[in-house]
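Reviewing the structure listed below.
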Amino acid sequence: MYKAGGLRRIELKFPAPEAFDNAIASIPAGSEIDIDGRLESVHEGILVTANIQAEAKSECSRCLDPLELEVDVEFQELFAYSLTDEDDLVISEESINLEQVVRDAVVLSLPFQPICSSDCEGLCVECGAKLKENPQHAHEASVDPRWNALKNLME
């Protein structure tokens, strides 16, 4: 594998060591993460190209119903034989640690405003009723408080 041009395919399935989340959507700790990829030896180090699949949990940002989202993200990173920049990923003791790379790829792919469907109408801003369940939902038109003085004159 150390000779440039060497290639090894990988298929990993493992439980998430801790939750991968962005405060809106998350892959809970213990959820299965699948990685399918390849490790390629190049002159500078090992080039990792992989696809990550998992299932995230969230709630619709409009109607607050629970959601399960499929996460399918690709990444490509170079693990260098020696450290030339503090941001480089380095091969340590003839192994590479994919945890931070996987975490970064997954968290950046999670949506910040997930919705259950493109036609989700959300909740009523006045009472919180689900508009999808009651499409005829309406409230009496509210009176602008600046007109209250005139309303008092009428009485």
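The values are calculated or read from the model by the stated rules, or taken from the named source; none is laboratory data. Quantities reported herein were computed from a predicted structural model and do not represent experimental measurements. Every residue, glycine as well, gets a Cβ built from its backbone with ideal geometry; the counts of neighbours run over all protein chains shown.
Odds and ends about this structure:
- Scanning region 74-86 for residues that are aliphatic (A, V, I, L, M) and under 17 Å from residue 39 (Cα atoms) yields 78, 80.
- Yes/no for residue 76 being among the polar types (S, T, N, Q) and touching a residue at least 40 places away in the same chain (Cβ under 8 Å): no
- Of residues in region 14-54 being buried (at least 16 other Cβ atoms within 10 Å of the Cβ), among the polar types (S, T, N, Q) and assigned to a strand (DSSP E or B), the one modelled with the highest pLDDT: 26
- From the options 11, 32, residue that is farther than 23 Å from residue 65 by Cβ, under 16 Å from the mean Cα position of the chain (by Cα) and touching a residue at least 12 places away in the same chain (Cβ under 8 Å): 32
- Among (1) polar (S, T, N, Q); (2) assigned to a strand (DSSP E or B); (3) surrounded by 15 or more Cβ atoms within 10 Å (Cβ to Cβ), the one test that residue 76 misses: (3)
- Residue match in region 132-143 (condition: under 27 Å from the mean Cα position of the chain (by Cα) and either more than 23 Å from residue 20 (Cα to Cα) or surrounded by 10 or more Cβ atoms within 10 Å (Cβ to Cβ) (or both)): yes
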